[in-house]
Every structure is written in structure tokens, then in C-alpha cells.
Amino acid sequence: MEIFAVLGIPLIGGILLALFGCRRWAPELNSAASFATFAASAALTAKVISDGPMLAWNEQFFVDPFNVFLVALTAFVGFTTSLFSRPYMRIEQHHGKLSINQLRLYYSMYQLFTFTMLLALLTNNMGILWVAMEAATLTTVLLVSLYRTPASIEAAWKYFILCGVGIAQALFGTILLYFAAEKVLGADGTALLWTHLDTVKDQLEPTVLSLAFVFLLVGYGTKVGLAPLHNWLPDAHAEGPTPISAVLSGLLLNVALYAVVRSKVLVDGALGTEFAGNLMMGFGLLSVVMAAFFLSRQKDIKRLFAYSSIEHMGLMTFAFGMGGPVATFAGLLHMTVHCLTKSAIFFAVGHASQKAGTQLIDGIRGLIKTTPTVGWGLALGSLAILGMPPFGVFASEFLILTTAMHTHPWATPFLLVALGVAFAAVFSKVQPMVFGETTEQRLPHPPALIPVFVHLGLVLMLGLYIPPYLADWYRQAAALIG
Amino acid sequence: MIPFSAQLVNLFAALLLLIAFAMLSQRRILSLINLFAMQGLVLSVSTLIVGLTTQQHHLYYSAALTLVLKVIFLPWLLHRLIRKLNVKWDVETMFNIPSTMLIGIVLVVFAFNLALPISQLSGTIIRSTLGIAMASVLLSFLMMITRRKAVPQVIGFLAMENGLFFAATSATYGMPMVVELGIALDVLVGAFIFGIFFFHIRETFDSLDIKHMERLKED
């Protein structure tokens, strides 16, 4: 019944906030609902660890080590982001950027967005997975345009149209999948259940499934932000409110990648070839290289880190494409550490740009002098995301690179060059922001940055020491994905 | 000899394709909405015929859902919107309708080739229409690319969903009911958001022309 708590709390929270979002305690209610969701997901995780995978409600929902770890991560980052957004959105309101009704929309949609992501993760039905992914776009599109500036409306329109068209391709892929499955499983409604599909995957028609996978990869890949379908991503991240950038980048992209990986498992079983993996490696590598070279041209700090997200999502897609226990383990680890680090960076960037009143890199200088905690948060976060040891990103990138050297040596030079270019670009831009000269006064009150340091602390821990049960969990998930 | 009902469905499929081409070349927003409603009606009737011939009862519900959502509600909403936005008599300036139509024909040929191996595997009575379904998806896609105004782009998006729905009916007799309901809900919510968006765009840019929205790009 933990599943229903995990799904029910954000749904009810979203409805309550739609009604009471104007009240003074709405931010607290938002955090409380997110905390309750996190507590429920922790209970669900504990249950799955002790009892193993489970099915619920006519097999419509299921939990296995792969999705339970993403559920826990999503609920956790959802909670810390709600903590960050509480003071952040209040300050935005005081600055007169947002009205009380826009805040109500924000809080309500924040909870509903969490709901759609958790539904996408927990559902056993590939059709409902599609519905939830589309709903995730719909809940966030009005948040991207929350400030109602021309740029934000343009970004939201682009996000809406591109992701809508993209996800329509995924629907066609799902129809083809159902078409292949119906021949084996019959038309009684179980033919889209992933657990059923998984048991009969070697009997599914290979030609249909390979075509289905192309559509699914293009469709969900648009939401992952894979090049060349990534155009919506930097705009949506840069123009939306910072807490939304954090959850889009940290969570939504992961959930979309989850959908791709689930489809890949079925297609691999049906084809018995490397077709799906090769496609994913191609898209992944292209994203890594393309994003790395775009990084150095960015002038807006949130766009910079949006491109960095494309790069890291590409790296994960590449890792899952390679397959095998080590690369999949590395991909899962990278999902975790990227999500934690990138959301921490967005929290720090949010505070920095809110204080400076601009998102332009040139406008933000000498953070270490004015607000030391934000400065350190941004500096350490950037080092972590660039893969410096001892942070966890180093561990996962190292594993991905060494596996690539073994199995696909041709790809290693591309990856190394891209990572090097990304390092130079991001470091040279963040360094003056943190240590540069500034004429601004030191601010009297330090900002509340507990979420930033909690996330970075976790990433540091994952770099130095992965607790045995967590490693075990990753291994089980990797074995499931294959 | 193809059974009579299958011939009937083939006829409706052909109508669907014709309407997709008509939408591609239609410049008046009002007529575009009427074409969209007509496409929905054709879809609904052909779903009903398939349901009646094959005794697939859930197709009745699909047909009813299509009728309510795509023939009555969405066109009504769009009519209301264009009246409120005062763009009812808008005529879009489009260049090169003939070459757009030629590209459309190429897309249809491509779609039929792509669908051929799949429809050979299909056991449904109307499998030959899968190519038409794919073609209308691609044509709606082309329509979205060629349009420079917000309302026609959205109609293209909704027409694409019609094509996908037809693909589901012709390949597999429709998706499971729970999924179809979910998709319908998404389309409904999406339509409301489109509506809100039109007003935001108008408020901010004083027009519904997408060309104002090309500022965000890499330099």
C-alpha cells in the first residue's frame, strides 16, 4: 500500500494547493507534502529491499530494484527542492516578479509534476507510462512561462510543441509495441504490461519491435534532451524559475531515460542483437560531443548548466547503450550523482542570480566575497559535475570510460575530448564568478543553503564509499537491465 | 473479395487522407477548424464500423469518446478561442502551397513503404489502412512545420493525434481502454493549456504569429 501513499500524497497535495495556494502557509504545505512523499517512498524502498519486487492493483503497478531507486531519488530531490523553493519563491514574490495567483499555480503544479513522474516510474503499463510522460510536459509548461516575459513564453511554447511532437512519436512506438505484443499475449488488456512483455520478449516480432524502438527512442529521447532533439532544453531551463530548472534537469530527464531503458530491455530480448544499444550509443555520443562544444559559447549561467545536463544525459545514454553489468552500474550511479549535483548547482545558481539580479555570467562576480556559502556551493558543485575526484561523478565517469576502452575503443577519444572541452569551458566561466573582483558589499544575511551541501555531501560520499546495500541494489538493477 | 465493411473503412481512410491534404493547403483558420472537426467525424464513424463488424465492444466507447472530444468539444473550444482572440477571419500568408503538396505526396509514398511490412503481419480487417494512418501523421507533422501562426500549429498537433488514433485502430483494433482514456485526458488538458497560452502569447507579443518567438537561439 506504500505505492498508493507515494502516488496519492502528491496528487492530494496538488489539489489542496490548487485550492489553498494563496495562503501564507502554502510553501510549508508544499514542503510537508513533499516530505510525506519522501517518507512514503522510503517505506516503499525498505519494503522492496526486504521482500523483493512487488506488483499491485491488478498488476497495474510494479516495483523492482531499478524503479524503486529512481522513486526514492525523485522523492528525495523533490523534497529538498521544495525546501529550496520556499525562501526562493518568497523573495521572487517580494521582488514583484510573481503574483499570488502565479505562486498558487506554481505550488499546485509542483506537486502534480512530482505525481506524474512517480506515476511514470511506478506504472507497469507502457501506455500509462506514455500518458504520464505527456502529463509531465503539460504540468511543467505553464511553470516555464511563469514569469510571463517574452523569452519565457517563447521557451514554453517551444517546449510544448517540441516535446508534444516528440512524445507523439513515442505514442506511435507504443502502438507498434502493443501490435507486436497482442499477437503473443492476446488483446485482453495485459499486452502492454511490462512484466508480461518481459516474460515473452523473445517471441515478439523483431521487425516490428525494431521500428517501435526507433520511434520510442526518438520520442522519449526528445524529453531526455538527446541531440539533435535537444533544442527545447536550454531555453526551458534558462527561462523557468530556478526550482523548476532543478527538477527538470535532475528528475524529468532521468524519468525519460528510464522509459528508454525499459523499452530497450524488451527490444534487446526480441532482437537478440546490439541494434538498440548501438542506436543509444550513437545518440548519446552525439549529445556529449555537441553539448561540450556549445558550453563555451554560453553567456547565461542557467543555459550553461542546461547544456551540461545534455552532456551528462548523453553520457548515461551511452553507458546504457553499451550494456553489460559494469556500464549499466556506472549509468545508474551517474544518474544518481548527476541528479544530486545538478540540482545542488541550480540551487546555488538560483541564489547567486537572484542576488545579482541577472542570469548573465558577466553580471555575477566575486561570490566568495559577497556570499561565501553560495560561492563555495557553486565552486564545489561545478568541480563535482566536471568529474573531479573525489566526487561521485568521477567514479561513474571513470567506470564508463574504462568500459568504453574495453568494449568500444573507437568511442573513447570522442568522450575524452568532449569531457576535456567541457571542463575548460565550465571552469573558465565559473572561476571568475566565484573568485573574481567585485564592488558589491558583503550581504548581511547568509542564505539558507542546506539542500546544496546535503546533496554535495551525498555526492562526495558516493565518490569515496558506496554503502554495500546501495551497491547491491545497483547491481540488482543492472542485472535486470542487462 | 474484400468484405463490404472493410471497403467502407477503406473509403473513410481515403477521406481521412484527403482531409489531411486539405488541411495542409487551407489558409483560413475558420475552415481549418471545420476540417479538423470533419476529420474527427470520419475517424469516429470508421471506428464505429470496425467495432460493429468485429464485435469489439470497447471500440464503441472509443468512437463515442472521439465524437465527444474531437468532433464536438475541441472544435467548439477552438471556435470560441478564435472569436475571443479576434482571429476568426485570419488568412495566413503561406508561400509555395504546390511544393508543400508535392512534399506531402512524397511523405505518403514513404509512409506506405514503411507500413508495408507491418500491415502484412497484421490480422485486422483494415490492415491496409495503416499506411494511410502513418501518412496522415506525417502530413500533420509537415503542417506544423510550415505554419507560422499559433492556432494552425495547434490544429496540426491535434490532427497528428487523430492520425495516431487511426493507426491504433487499424493495426490492433485500438489500445486498451485505460490507455485510451489517459490519452484523451492528456489531449483535453493539453487543449486547455493551448487556450491559456494563446492569450499569454497575444498579451505579450500583440499577435499570434510565431515569428515573434525566434529570439532564443545560440549566437
Inset, instruction - Kindly list, by first and then second residue, each pair from a residue in region B:197-219 that is under 28 Å from A:Ile301 (Cβ atoms) and at the interface with chain A (Cβ under 10 Å from one of its Cβ atoms) to a residue that is open to solvent by 80 Å² or more (accessible area, probe 1.4 Å) and at pLDDT 80 or above, limited to pairs with Cβ atoms under 6 Å and residues at least 6 apart or on different chains. - result: B:Ile210/B:Arg148
Inset, instruction - Identify the single condition in (1) surrounded by fewer than 21 Cβ atoms within 10 Å (Cβ to Cβ); (2) of a type in the set (Ser, Thr, Tyr); (3) within 16 Å of the chain's Cα centre (by Cα) that B:Ser62 does not satisfy, given that it satisfies every other one. - result: (1)
Legend entry - Candidates A:Ala151, A:Ala170, A:Ala180, A:Ala155 - the one that is in a helix (DSSP H, G or I), within 30 Å of B:Asp209 (Cβ to Cβ), touching a residue at least 24 places away in the same chain (Cβ under 8 Å) and more than 8 Å from chain B (Cβ to nearest Cβ): A:Ala170
Inset, instruction - State all residues of region A:447-482 that are open to solvent by 50 Å² or more (accessible area, probe 1.4 Å) and touching a His at 6+ places or on another chain (Cβ under 6 Å); if no residue qualifies, say none. - result: none
Inset, instruction - May I ask you to list the residues in region A:295-319 that are within 19 Å of A:Asp362 (Cβ to Cβ), within 14 Å of chain B (Cβ to nearest Cβ) and in contact (Cβ under 8 Å) with a residue 40 or more places away in the chain? - result: A:Leu295, A:Ser296, A:Gln298, A:Lys299, A:Asp300, A:Lys302, A:Arg303, A:Leu304, A:Ala306, A:Tyr307
Inset, instruction - Search region A:186-213 for residues being facing another protein chain (nearest Cβ under 10 Å) and assigned to a helix (DSSP H, G or I), and hand back the single one that is most open to solvent (accessible area, probe 1.4 Å). - result: A:Thr207
Inset, instruction - Identify all residues within region B:20-40 that are assigned to a helix (DSSP H, G or I) and in contact (Cβ under 8 Å) with a residue 60 or more places away in the chain; write none if there are none. - result: B:Ala20, B:Phe21, B:Met23, B:Leu24, B:Ser25, B:Ile29, B:Leu32, B:Ile33, B:Phe36, B:Gln39, B:Gly40
Inset, instruction - Could you tell me whether region A:82-95 includes any residue that is aliphatic (A, V, I, L, M), more than 14 Å from chain B (Cβ to nearest Cβ), buried (at least 23 other Cβ atoms within 10 Å of the Cβ) and touching a Cys at 6+ places or on another chain (Cβ under 9 Å)? - result: no
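Let's see how each residue does on (1) within 14 Å of another protein chain (Cβ to nearest Cβ); (2) assigned to a helix (DSSP H, G or I); (3) under 26 Å from B:Phe205 (Cβ atoms); (4) at pLDDT below 90:
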position	(1), (2), (3), (4)
A:Lys97	no, no, yes, yes
A:Tyr106	no, yes, yes, no
A:Phe115	yes, yes, no, no
A:Leu119	yes, yes, no, no
A:Gly127	yes, yes, no, no
A:Trp130	yes, yes, no, no
A:Ala136	yes, yes, no, no
Inset, instruction - Please indicate, with yes or no, whether at least one residue in region A:77-84 is of a type in the set (A, V, I, L, M) and more than 29 Å from A:Gly189 (Cα to Cα). - result: yes
Legend entry - Within region A:204-218, considering residues that are in contact (Cβ under 8 Å) with a residue 60 or more places away in the chain and not aliphatic (A, V, I, L, M), the one nearest to B:Leu121 (Cα to Cα): A:Glu205
Legend entry - Complete set of residues in region A:263-304 that are open to solvent by 20 Å² or more (accessible area, probe 1.4 Å) and outside any helix (DSSP H, G or I): A:Gly272, A:Thr273, A:Glu274, A:Ser296, A:Arg297, A:Lys299, A:Asp300
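Out of all the residues in region A:245-262, is one or more among the polar types (S, T, N, Q) and more than 20 Å from A:Leu73 (Cβ to Cβ)?
No: region A:245-262 contains no residue that is among the polar types (S, T, N, Q) and more than 20 Å from A:Leu73 (Cβ to Cβ).
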Legend entry - Options A:Val255, A:Val218, A:Val260: the member that is open to solvent by 10 Å² or more (accessible area, probe 1.4 Å), farther than 20 Å from A:Thr358 by Cα and not in a loop (DSSP other than H, G, I, E, B): A:Val218
Inset, instruction - Only residues in region A:1-14 that are without any contact (Cβ under 8 Å) to a residue 60 or more places away in the chain count as the first member; pair them with residues that are among the small types (Gly, Ala, Ser) and surrounded by fewer than 19 Cβ atoms within 10 Å (Cβ to Cβ), Cβ under 6 angstrom, at least 6 apart or cross-chain, and list the lot. - result: A:Glu2/A:Ala43
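Could you list, in sequence order, the residues of region B:145-167 that are outside any helix (DSSP H, G or I) and β-branched (Val, Ile, Thr)? Reasoning before the result, please.
Going residue by residue through region B:145-167, those that are outside any helix (DSSP H, G or I) are B:147-149.
Once the filter is applied, which keeps residues that are outside any helix (DSSP H, G or I) and β-branched (Val, Ile, Thr), region B:145-167 yields nothing.
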Legend entry - Subset of region B:145-157 that is more than 10 Å from chain A (Cβ to nearest Cβ) and open to solvent by 10 Å² or more (accessible area, probe 1.4 Å) - its residue that is nearest to B:Leu74 (Cα to Cα): B:Lys149
Legend entry - Which listed residue is modelled with pLDDT of 90 or more and open to solvent by less than 40 Å² (accessible area, probe 1.4 Å), from B:Leu216, B:Leu164: B:Leu164
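Of all residues being within 17 Å of the chain's Cα centre (by Cα) and at the interface with chain A (Cβ under 7 Å from one of its Cβ atoms) in region B:166-188, which is nearest to A:Leu129 (Cα to Cα)? Just the residue, please. Write out each step before concluding.
In the first step, residues of region B:166-188 are kept if they are within 17 Å of the chain's Cα centre (by Cα); the result is B:166-170, B:174, B:180, B:183-188.
Applying the additional criterion that residues be at the interface with chain A (Cβ under 7 Å from one of its Cβ atoms) yields B:167-168, B:183, B:186.
Values: B:Ala167: 19, B:Ala168: 17, B:Ile183: 11, B:Asp186: 12 Å.
Result: B:Ile183.
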Inset, instruction - Test each condition in (1) in contact with a helix residue (DSSP H, G or I) (Cβ under 9 Å, 6 or more places away or on another chain); (2) acidic (Asp, Glu); (3) more than 29 Å from A:Ala352 (Cβ to Cβ); (4) open to solvent by 50 Å² or more (accessible area, probe 1.4 Å) for A:Asp51 and report the one that comes out false. - result: (1)
Legend entry - Sole residue being surrounded by fewer than 18 Cβ atoms within 10 Å (Cβ to Cβ), touching a Gly at 6+ places or on another chain (Cβ under 6 Å) and at pLDDT 85 or above, chosen from B:Phe199, B:Phe192, B:Phe112: B:Phe112
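Condition check ((1) over 18 Å from A:Tyr147 (Cβ atoms); (2) of a type outside the set (Val, Ile, Thr); (3) in contact with a Lys or Arg (Cβ under 7 Å, 6 or more places away or on another chain); (4) open to solvent by 60 Å² or more (accessible area, probe 1.4 Å)) across all residues:
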site	(1), (2), (3), (4)
A:Ala5	yes, yes, no, no
A:Arg23	yes, yes, no, yes
A:Asn30	yes, yes, no, no
A:Ser34	yes, yes, no, no
A:Val77	yes, no, no, no
A:Tyr107	no, yes, no, no
Inset, instruction - Being within 7 Å of another protein chain (Cβ to nearest Cβ) and surrounded by fewer than 24 Cβ atoms within 10 Å (Cβ to Cβ) is the filter here, so list the residues in region A:139-148 that pass it. - result: A:Leu142, A:Arg148
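The values are calculated or read from the model by the stated rules, or taken from the named source; none is laboratory data. Since this is a predicted model, take the numbers as computed values, not measurements. So basically every Cβ, Gly included, is an ideal-geometry build from the backbone, and we count neighbours across all protein chains shown. SASA here: full protein model, heavy atoms, side chains in, ligands and nucleic acids out. Shrake-Rupley method; radii C 1.70, N 1.55, O 1.52, S 1.80 Å.
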